[in-house]
1. Please list 341-350, 228-237, 369-378, 512-521 highest first by mean number of surrounding beta-carbon atoms within 10 Å per residue.
2. Evaluate the distance, in nm, between pseudo-label points positioned 7 Å from the Cα of residue 405 and of residue 375 along their respective Cα→Cβ axes.
3. Show that you can apply the helix-only estimate: for the chain, add -39,500 (n - 2.57) for every DSSP H stretch of four or more residues, divide by all residues, and state [θ] at 222 nm to the nearest 500.
4. As a test, work out the antiparallel percent of DSSP beta bridges whose residues both lie in the range 243-318, rounded to the nearest 5.
5. Which percent of the Cα-Cα distances in the range 2-131 go past 23 Å?
6. Specify which residue in the list 434, 371, 337 is farthest towards the positive end of the charge dipole of the range 324-444, using unit charges on the beta carbon of Lys, Arg (+1) and Asp, Glu (-1), about the Cα centre.
7. Determine the dipole magnitude for the chain: charges of +1 sit on the beta-carbon of Lys and Arg, -1 on that of Asp and Glu, nothing else is charged, the reference point is the Cα centre, and the result goes in debye to the nearest 20.
8. What do you get for GluC sites (Glu not before Pro) in the range 1-78 restricted to DSSP loop and a cutoff of at most 16 other Cβ within 10 Å of the site's Cβ?
Amino acid sequence: MKILILGGYGTFGGRLAELLREETRLTLLIAGRSLASAEKFCAALGGKAVATPLAFDRDGDLDAELRAAAPDLVVDASGPFQAYGGDPYRVAKACIALGIDYLDLADGADFVAGIGAFDAEARARGVSVLSGVSSFPVLTAAVVRRLARPGDTVETIAAGIAPSPYAGVGLNVIRAIAGYAGKRVPLLREGRPAFAHALIDSMRFTIAPPGYTPLHPRRFSLVDVPDLRVLPALWPGAKSVWMGTGPVPAVLHRGLSLLAWLVRLKLLPSLLPLAPLFHAAMKRLRWGEHRGGMFVAVTGRDAAGRSFARSWHMVAEGNDGPFIPSMACAAIIRRVLDGKRPAPGARPGTGDLELDDYAREFAARRIAAGIRDAACETEAAPLFRRVLGDAWQHVPETVRALHAERGRHWWEGRGTVERGNGLLARLCAAVMRFPRAAASVPVRVEIAPRGRGVQWRRTFGTRSFASELSAGTGHFERLVVERFGPLAFGIALVPEDGTLRYVVRRWSAFGIPMPSRWAPGGATREFDDGGRFGFDVEISHSLTGLIVRYKGWLVRAAPREETQP
């Protein structure tokens, strides 16, 4: 099968080629205005698919160029689709006329919504023409279908993309966003058509796949994407549809929003002339974690009239996140190779993939995804169950038993304790009342409700220390917060290899957020120890070295009166 990728050496076209490069059944025509750039890209691509460079001018004689290339499928990955001029559908129409299937990664709301004008002609020619085959709106629609169960009425849909600061966003994407920044965007709000302002209207959300280290909470700002037009048609009962992006660093995001206000106030006609400057700034203003993600959240009522709130969370590590916008095209092409060609007609591609079709693409990358259901994460549920969501089932049974009990309960066993030898380490351990070094010592743990959380009092021999655990809010959202007096630590719960790991994500002192690099370190895990609750806790710091490490086992104990303060 021969695939012609317009913009094949660009940001999205190039990543699509990388996703497909191991397909032996494919010939990839890497096309663009620069033959030299296409040749350079093909030489570096590697893989088992045949990659052929091709000079192609989308503003030239399309009929002649397409006849010469003779592709089975054209993928338009160039853009920006909002700036295609007076005849934006030239490529799609040429493909229909020649009987060539067509996909595009358009992110322009008007462009994607308008593709349906060619439906009758495409059907008559037996050609599949799918527009917007990218995260917005194809992945969004697939996720909403997964979140909405049979008989549900979807009332609100919100989604956002959180790119890594190192993602390498293309200039065409920046041009598209700069073109509508600060301008009115039509959307559905409170059941009525309304307008909001791009990059100004915003919300906060924490992307946290169950059982996986979450992203830090982010501010998402409204973007003008196809979902705002096509999703209300798919879910007529929806009263609100909102889509956003959450770029970091936060100072860059705030700066873009401030400039968007200048457009809203008509102090600037547009930010489009500043797009090259924004692109250059994003290449230089890079710090923070090399992680990105996406969320989709829906609310509504089930068949019995009960309200529900569910959300899908996805996190991608390192350079794997930037491949996600191209995965929808890759998944459709693999379906075609397997004999599942999309039905003829011209339409947004929102109904041609399901979430399961992404499974192969996600599995090949460092991508974690999962669903959270608010009905399972109420305050009536145990603390760790609330934070872990569906990942609770991956925690060892003996560990679940300790964290699932309600009310005051006691556990006892034995443990060993190591202490750091440095002066600062000894001082920190003394202030926190950590246990003294011991080769083997009786251990007793009392867990009791305290406010909206629980207090853990650990006694090693005769020495006790306590901390309070609760579900995080605000900057600690989706984390367990453990407080030792004025110090608070936001901890991600990560089931992994038969253990439950604690990962410190944020911390504060006297309510003041502190830099992550200053946080204490050390590995902490809970596990099954031959049918007993096993624990291994290490607390250290770059300035002190080891402060304390205690490990051992616990079993359920009979209650008794605790007299220590």
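Values quoted throughout were computed directly from the atomic coordinates according to the rules given, and no laboratory measurement underlies them. Owing to the predicted nature of the structure, the values given are computational and were not obtained by experimental measurement. Don't worry about glycine lacking a Cβ; one is built from the backbone with ideal geometry, like all the others, and counts go over all protein chains shown.
1. 341-350, 228-237, 369-378, 512-521
2. 3.0 nm
3. It comes out at -7500 deg cm²/dmol, rounded to the nearest 500.
4. 100 percent
5. Of all Cα-Cα distances in the range 2-131, 28 percent exceed 23 Å.
6. With unit charges placed on the Cβ atoms, the residue in question is 434.
7. I would put it at about 1800 debye.
8. Filter output for the range 1-78: 22.
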